[in-house]
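Below is one structure, written out as structure tokens; the observations come after it.
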Amino acid sequence: MVGKLKAHWWSPRRSLKTFGAEMKQHSAAWVRLSRPKSSLLSNYGDELNHILLAEVSGRSVDWAPLGKEDVVAVGSILVPYFTQGGVGLIWGSGLNQPSVSPEQAARVSERFLAVRGPRTRDALGLAADIPLGDPGLLVRNFGIQASPRRIPKLLIPHFTVYNSNAGRRKMKALASAGFTIAAPNLPVRQMLHHIASSDFVASSGMHGMILSHALGRPVQLISFAETVDPEPGYKYGDYLASVNLHTEVISFTEVLANGKARDALISRAIENTEAVSVAIDELNTGLLAASRALR
């Protein structure tokens, strides 16, 4: 076994530069997400890197700044990777916008082990046979146990929802309608346990959807915006295309529905989760094969 694996992921508590940007843009959210202290200034989707990379590499994992990392993995980290001097291998990372050119990618083509989805692959001009998939899908293999005490309805808000009074009022409305709120700075294994124990998940962040699909739980992508574009954003579409699924974003108000409307919503979520199951298994096979370079 070789030494520690140095990995980079988005982490305001580990980077002064990122911390400064977050305090400027989202200080209200982070102040309200100050508990638990062990998860201060963290986001479960990004922190997933620590657990996943240790699992697939068999090595202990330390965070490292870009330019000193061995690997980047979960997250839309490729724009910073190319603009801030990343040097590590790329395993399942994605773009949040198509602003990295194929010429830039070609100069480091040997670093690509896998990317998140076909939008990232095509924007970077990568080979058609490069493995695809968000590494978060591999939690399917973790043996996460559901609690005997079910969570009928789980809400996983993006951390930016905590920024405004309007966002917090909307979350409160969902809580009043019976949703359990899983804060986005929960420790990763606690979040996975919540998802595995849920009958229905509403998420306004991408990894709430990815992890729910991986664990076989019905999930609906929602928005807290005043005006909702039903077409998922670039990075969401990248993931959805990787599992051959087209789904719309809906307003948070739609998951407050009762009766037939609620039943139809949950039925669609169940169908979507069942539809992506085979694709997830296939993507995971490719991701695991590609991860051998990290051992």
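The values are calculated or read from the model by the stated rules, or taken from the named source; none is laboratory data. In this text the structure is predicted, and so the values were computed from the model without any measurement. All Cβ positions, even for glycine, are placed from backbone atoms using ideal geometry, and neighbour counts span all protein chains on display.
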**Asked** Exactly one of (1) farther than 26 Å from S27 by Cα; (2) within 16 Å of the chain's Cα centre (by Cα) is unmet by G178. Its number?
**Response** (2)
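Each row is one residue, and each column tells you yes or no for (1) crowded, with 16+ Cβ neighbours inside 10 Å; (2) of a type in the set (K, R); (3) over 19 Å from V161 (Cα atoms); (4) in contact with a Lys or Arg (Cβ under 9 Å, 6 or more places away or on another chain).
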| residue | (1), (2), (3), (4) |
| --- | --- |
| A196 | yes, no, yes, yes |
| R217 | yes, yes, yes, no |
| S223 | yes, no, no, no |
| P232 | yes, no, no, no |
**Item:** Count of the stretch 10-54 residues which are in contact with a strand residue (DSSP E or B) (Cβ under 7 Å, 6 or more places away or on another chain), polar (S, T, N, Q) and part of a helix (DSSP H, G or I)
**Value:** 1
**Prompt:** Could you count how many residues in the stretch 112-152 are in contact with a Phe, Trp or Tyr (Cβ under 8 Å, 6 or more places away or on another chain), within 21 Å of D46 (Cα to Cα) and not in a helix (DSSP H, G or I)?
**Reply:** 5
**Request:** Working carefully through the options A293, A241, A269, find the one that is outside any loop (DSSP other than H, G, I, E, B) and either free of Cβ contacts under 8 Å to residues at least 60 places away in the same chain or surrounded by fewer than 16 Cβ atoms within 10 Å (Cβ to Cβ) (or both).
**Result:** A293
**Fill in**
Residue count, the stretch 178-205, condition more than 20 Å from N141 (Cβ to Cβ) and not β-branched (V, I, T), comes to 13
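Of the residues A261, A166, A173, which is within 25 Å of P12 (Cβ to Cβ) and exposed (fewer than 15 other Cβ atoms within 10 Å of the Cβ)?
Criteria check complete, one pass: A166.
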**Item:** Subset of the stretch 192-224 [over 20 Å from D238 (Cβ atoms), out of contact with any Phe, Trp or Tyr (no Cβ under 8 Å at 6 or more places or on another chain) and not in a strand (DSSP E or B)]
**Value:** H193, H194, I195, A196, S197, D199, F200, L215, G216
**G86 being at pLDDT 95 or above and in a loop (DSSP other than H, G, I, E, B)** = yes
**Request:** Please work out which one of (1) at pLDDT 95 or above; (2) under 23 Å from V108 (Cβ atoms); (3) among the hydroxyl-bearing types (S, T, Y) is the condition Y44 fails and give its number.
**Result:** (2)
**Message:** All but one of (1) closer than 17 Å to V74 by Cα; (2) not in a helix (DSSP H, G or I) hold for T247; state the number of the condition that does not hold.
**Reply:** (1)
**Prompt:** Restricting the first residue to the stretch 29-44 and requiring it to be loosely packed, with under 14 Cβ neighbours inside 10 Å, which pairs with a second residue that is polar (S, T, N, Q) meet a Cβ separation below 7 Å and a spacing of at least six or different chains?
**Reply:** L40/S34
**Message:** Looking for something assigned to a loop (DSSP other than H, G, I, E, B) and either at pLDDT below 95 or not assigned by TED's automatic domain parsing to the domain that holds W30 (or both) - is there at least one such residue anywhere in the stretch 167-174?
**Reply:** no
**Message:** Let me confirm something: among A105, A123, A127, A114, which residue is hydrophobic (A, V, I, L, M, F, W, C), without any contact (Cβ under 8 Å) to a residue 24 or more places away in the chain and surrounded by 14 or more Cβ atoms within 10 Å (Cβ to Cβ)?
**Reply:** A105
**Prompt:** So which residues in the stretch 55-68 are in contact with a strand residue (DSSP E or B) (Cβ under 6 Å, 6 or more places away or on another chain) and either surrounded by fewer than 21 Cβ atoms within 10 Å (Cβ to Cβ) or assigned to a strand (DSSP E or B) (or both)?
**Reply:** R59, V61, D62, A64, L66
**Item:** F200 among the hydrophobic types (A, V, I, L, M, F, W, C), more than 21 Å from L48 (Cβ to Cβ), in contact with a Pro (Cβ under 9 Å, 6 or more places away or on another chain) and crowded, with 22+ Cβ neighbours inside 10 Å
**Value:** no
